[in-house]
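Chemist: To start, I am sharing the structure in question, which I have written as structure tokens.
Nothing in this text is a laboratory measurement; each read-out follows from the coordinates by a stated rule. Since the structure is predicted, the reported quantities are computational estimates derived from the model, not experimental observations. All Cβ positions, glycine included, derive from the backbone under ideal geometry; neighbour counts span all protein chains shown.
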Amino acid sequence: MQSQRNSDGAIPSGLPRKRVTLFTLGGTIASVHSQGADGVLPRLTAADLIRAVPQLDAVAEVRAVTFRQLPSVDLRLPDVLALAAEIRQELAGGADGVVVTQGTDTLEETAFLLDCLVDHDAPVVVTGAMRNPELPGADGPANLLAAVQVAASTTCRGIGTVVVMNDEIHAAQCVKKTNTASPATFQSPGTGPLGWVVEGRPRVLFHPRQRWRLSVPPEAAPAPVALVRLGLGDDGWLLQAVAELPYQGVVVEACGGGHVPSWTVDTLASLAQRMPVVLASRTGSGEVLRATYGFPGSERDLLARGLVAAGRLDGVKARLLLQLLLMRGASRADMEAAFQM
Ligand code: ASP
């Protein structure tokens, strides 16, 4: 069958132009110096980002929406819930795909949330930049072009939400920022990317077989969830403090396959009587164990005392999933099932 695309990803004349909506949230990709301020700040708009990449015009008609102008650590869950609602509206209105740009610091979290909250065949692509537009070798323009190529591509339909950075396509549920400064910072430990973009053409080898699909009632109040990482000799004080604070759930990033110091077990067990306590691993890849070790503070011990295994999600993503589940009023059984997927 003849390809509908030129080697640079452009659509030959005669075919209808693809429609992609770009939502910008700030971050390094939009950060420049402004008068009187030290350091770069997220000031560029969606229209500014599009203007810097004239090659986009040959790929799709891109509608610009400046949604937020923030460093990504200042984004909150309600921002992403509002973004997901707007994305669903754009796709219902006929857009072929969506691109979101934001800071890379929390990019994997926005991508994971959108993957859970947007249930549509059209690709949702999240990207950013590690080098701001004023630096030599700025990666934002190339990342934006590749992201739009993926969002507009027919072969990427059904892929869910992906992160496109450095010409790689990563599943939102697997990807994480692994380096403070490298343009190759986004990796999917243990699985690798789903595909890549070469000469403007997205090449997808795998589609994620399972995805979380959740809706949250628009009136639901945010559910605060603590994320506590444990280490050698941890005194357990932070876990004790959690019980005194208005948290509705806790995620514990335990050692190895899901192990904590024996002297913290009573605190965790009593927390688990009051709220969901999810057991994740701090290792950064692989699944939490369920049935191997028998020492006090082992995964078997903790699960028997009422903790919920995080499955293959790391602590950062487990925290978001637990927040969504709490906002939905999920039962204990629903939570167990969601984390086991
Ligand atoms: N500090 C930036 C942010 O907003 C970092 C980045 O975009 O790479 O996350």
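Chemist: Net charge within 12 Å of Gln248 by Cβ-Cβ distance, Lys/Arg positive one each and Asp/Glu negative one each, not counting Gln248 itself?
Modeler: +2
Chemist: State the answer as a single residue: which of Val216, Ala337, Leu145 lies farthest towards the positive end of the charge dipole of the chain, with beta carbon charges of +1 for Lys and Arg and -1 for Asp and Glu, about the Cα centre.
Modeler: Projecting each Cα onto the dipole axis, the largest value belongs to Ala337.
Chemist: Could you tell me which trypsin sites (Lys or Arg not before Pro) in segment 212-321 are loop residues by DSSP with no more than 14 other beta carbons within 10 angstrom of their beta carbon?
Modeler: Arg213, Arg290
Chemist: Further question: If you take all C-alpha pairs in segment 1-150, what percent of them are over 27 Å apart?
Modeler: Considering segment 1-150, 21 percent of its Cα-Cα pairs are separated by more than 27 Å.
Chemist: Going by amide H atoms built from the backbone, whose H comes under 5 Å of the H on Thr283, apart from near neighbours?
Modeler: Correct list: Gly256.
Chemist: Distance from the Cα centre of segment 68-99 to that of segment 135-207, in angstrom?
Modeler: Distance between centres, Cα-based: 18 Å.
Chemist: Starting at the first residue of segment 22-36, write each ³J(HN,Hα) from the Karplus equation 6.51 cos²θ - 1.76 cosθ + 1.60 with θ = phi - 60°, in whole Hz, x for Gly and Pro.
Modeler: Along segment 22-36, the couplings run 9, 9, 10, 10, x, x, 4, 4, 10, 9, 9, 6, 10, 4, x Hz.
Chemist: Here is a follow-up. What is the dipole size for the chain, taken about its Cα centre, with +1 at each Lys and Arg Cβ and -1 at each Asp and Glu Cβ, in debye to the nearest 20?
Modeler: Taking the Cα centre of the chain as origin, the dipole is about 640 debye.
Chemist: About its Cα centre, how strong a charge dipole does segment 51-97 have in debye, to the nearest 20, once Lys and Arg get +1 and Asp and Glu get -1 at the Cβ?
Modeler: 140
Chemist: Also, quick follow-up: Would you mind computing the Rg to Rh ratio of segment 273-341 from its alpha-carbon coordinates, Kirkwood style for Rh?
Modeler: That ratio equals 0.95.
Chemist: Can you tell me the relative contact order of segment 100-252? Whole percent, Cα pairs under 8 Å, sequence separation 6 or more.
Modeler: The normalised contact order for segment 100-252 reaches 20 percent.
Chemist: Moving to a separate point now. For the chain, what is the mean residue ellipticity at 222 nm derived from helices alone (per DSSP H run of n ≥ 4: -39500 (n - 2.57); sum divided by total residues; nearest 500 deg cm²/dmol)?
Modeler: Per the formula, -7500 deg cm²/dmol.
Chemist: Still on this structure, please answer the following. From the phi angles alone, apply the Karplus equation (6.51, -1.76, 1.60; θ = phi - 60°) to segment 295-305 and give each ³J(HN,Hα) in whole Hz, x where the residue is Gly or Pro.
Modeler: Calculated HN-Hα couplings, in order: 7, x, x, 7, 4, 4, 4, 5, 5, 5, 8 Hz.
Chemist: Also, I was wondering about something else. Mind grabbing the base-10 log of I(q)/I(0) for segment 168-251 at q = 0.12, 0.17, 0.18, 0.27 Å⁻¹? Debye formula, identical points on the C-alpha positions, no solvent, two decimal places.
Modeler: Values, matching the q order: -0.67, -0.96, -0.99, -1.21.
Chemist: A further question on this structure: Taking H as built 1.01 Å from N, whose amide H comes closer than 5 Å to the amide H of Gly27, not counting residues under 5 places away?
Modeler: Leu70, Ser72, Gly103
Chemist: Compute the normalised compactness of segment 135-210: alpha-carbon radius of gyration over 2.2 N^0.38 Å, N being the residue count.
Modeler: Expressed relative to 2.2 N^0.38 Å, the Cα Rg reads 1.06.
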